[in-house]
Each structure stands twice: as C-alpha cells, then as structure tokens.
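Here's the structure we're looking at; comments come further down.
The values are calculated or read from the model by the stated rules, or taken from the named source; none is laboratory data. Keep in mind the model is a prediction, meaning the values are calculated, not measured. Cβ coordinates were reconstructed from backbone atoms using ideal geometry, including for glycine residues, and neighbour counts include every protein chain displayed.
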Amino acid sequence: SEQTPLLPQQQNVERKRQTTGATLVLMSPIIMFFVFMIVSRLCDAYDRAGPALDRDRMRREWESEMRDHEKIRQERIRARFAWDDLKGDQHCLQHGMRRYTARIANVPREYDPATACTETAVEIHGMRIPSPNRCEDRGCGGVIGHWLVSHSEPTCATHFDNFKDKESFMSRDDCYPRIESHLENLQPGDDWRNMCSTTPANFWGLHFDGPGVCEDWVCCPF
C-alpha cells in the first residue's frame with residue numbers, strides 16, 4: 001500500500017519526537033547515575049547516623065527505666081511510714097471539732113521527715129484523712145502531725161435549746177428582738193467562748209452560724 005506523504009508541519013513534529021526520544025536515550029545513563037549517587041549518599045548517611053540514633057534511643061529507654069525504678073523505690077519507702085501515738089486533745093477546740101496529734105515514724109535517714117509527714121494519711125473514726133492540717137518539726141522530738149477532726153465527735157457537739165424572747169435591742173434605725181438560749185453539752189474544761197461562738201442555731205425558720213454575743217452567767221449564792 002502507498003504511504004501518504006507527510007506535510008511539512010507533521011514532518012517537524014516527527015523530527016522533534018525523534019530528537020526528544022534520542023535525547024532521553026542518551027541521558028538515561030546519566031539520570032540513573034545521579035539517582036544511584038543520591039541513594040548511595042542517603043544510605044551512607046543512615047549508616048553513619050544509625051549508631052548515634054541507637055545510642056540516643058537506648059539512653060532514653062535507660063532514663064525511663066531509672067525513673068520507673070526510683071518511683072517504685074519511693075513508693076516502697078512511703079508504704080512503711082506510720083503514725084505513732086495518735087491521740088486527741090482532752091478538750092474540744094470548737095463546736096464539733098477536736099485536735100489530734102501523732103508523730104511520724106519509720107522514716108529512713110535519707111528521707112525528709114517533714115515531707116513524710118505531709119505525704120502520709122491517717123484514719124480517725126473510720127475516715128481516711130490524706131494528710132495533716134499542718135506538720136510541726138520538734139527537732140529531737142520528731143515531726144508531729146496535727147489534724148482538726150470535725151466528724152464523729154459527739155462530746156464536742158454543743159447546741160442551743162429553749163430559746164427565749166427577751167427585751168428588744170434598739171439600734172439607731174431598727175429594733176431587733178433579743179433571743180437567749182443556754183448552751184448545752186458544754187464539757188468541763190472546754191473553752192466556753194470558742195464553743196459558744198461557733199455553735200450554730202436554728203429558730204423561727206432562720207439559721208445562724210453562731211450567736212451575736214456569748215455571756216458566761218455565773219450563779220453566786222446570796
């Protein structure tokens with residue numbers, strides 16, 4: 001069959017295609033050479049950095065293991081802490097509250113006893129208290145923990161009863177009723193001022209955190 005002769009424009013396109021193909025054929029070895037060189041350099045860089053990266057990873061793992069080990073060691077030390085001679089004060093501190101004290105014990109020499117005091121829980125009246133209200137360093141007497149316990153202290157539960165409406169109290173602008181009541185359940189030796197001023201009261205549908213005035217009426221024989 002006869003071939004149709006190419007037009008001049010088609011001949012130019014064909015020549016460019018042939019030229020481009022020949023150029024790519026000639027440049028292929030050069031391109032492959034550069035690709036090989038780049039890959040080789042990357043491999044060499046990885047081989048050189050590999051040991052350093054491994055050492056850094058091993059160092060981080062070792063540091064993490066040491067931190068975990070130290071944490072476990074500290075927990076074992078704290079687990080041995082104990083409170084010695086836990087006791088409550090003879091008298092109430094205020095309404096419903098008594099102070100308790102104890103000395104922190106079983107603290108090794110390398111551990112700060114004041115820190116041990118703040119980190120050690122105690123159980124009083126069946127309730128776990130995470131830490132003392134304060135820690136007192138008494139030197140050779142050890143470190144003493146102080147707790148202010150306001151639960152399950154029935155002998156400190158003072159209350160008011162039998163409210164009496166007395167004469168009104170006059171101020172500059174208003175007239176206020178004067179209500180009196182006797183403080184009940186006050187134990188001998190307790191500070192009546194603290195116990196009275198912190199004892200709440202409820203009457204006439206109102207709540208009061210404490211009286212406005214506390215007075216100690218001492219009855220003297222005539």
Output for the range 79-110, where each listed residue is touching a helix residue (DSSP H, G or I) at 6+ places or on another chain (Cβ under 6 Å) and more than 27 Å from residue 156 (Cβ to Cβ): 81, 107
Strands (runs of 3 or more DSSP E) completely within the range 47-129 that count 3 or more residues being more than 21 Å from the chain's Cα centre (by Cα): 82-88, 98-105
Pairs, first touching a residue at least 40 places away in the same chain (Cβ under 8 Å) and more than 11 Å from residue 100 (Cβ to Cβ) in the range 114-139, second of a type in the set (Phe, Trp, Tyr) and not in a strand (DSSP E or B), C-beta under 7 Å, six or more apart: 120/81
Contacts under 7 angstrom Cβ, first residue in the range 50-77 being under 24 Å from residue 109 (Cβ atoms), partner at pLDDT 85 or above, 6 or more apart: 77/108; 77/111
Residue list for the range 139-152, filter: in a loop (DSSP other than H, G, I, E, B) and under 14 Å from residue 107 (Cβ atoms): 142
The range 193-222 residues that are within 19 Å of residue 162 (Cβ to Cβ), paired with ones that are modelled with pLDDT under 90 and of a type in the set (Val, Ile, Thr) (beta carbon under 9 Å, 6 or more apart): 201/179; 203/179; 204/179; 211/179
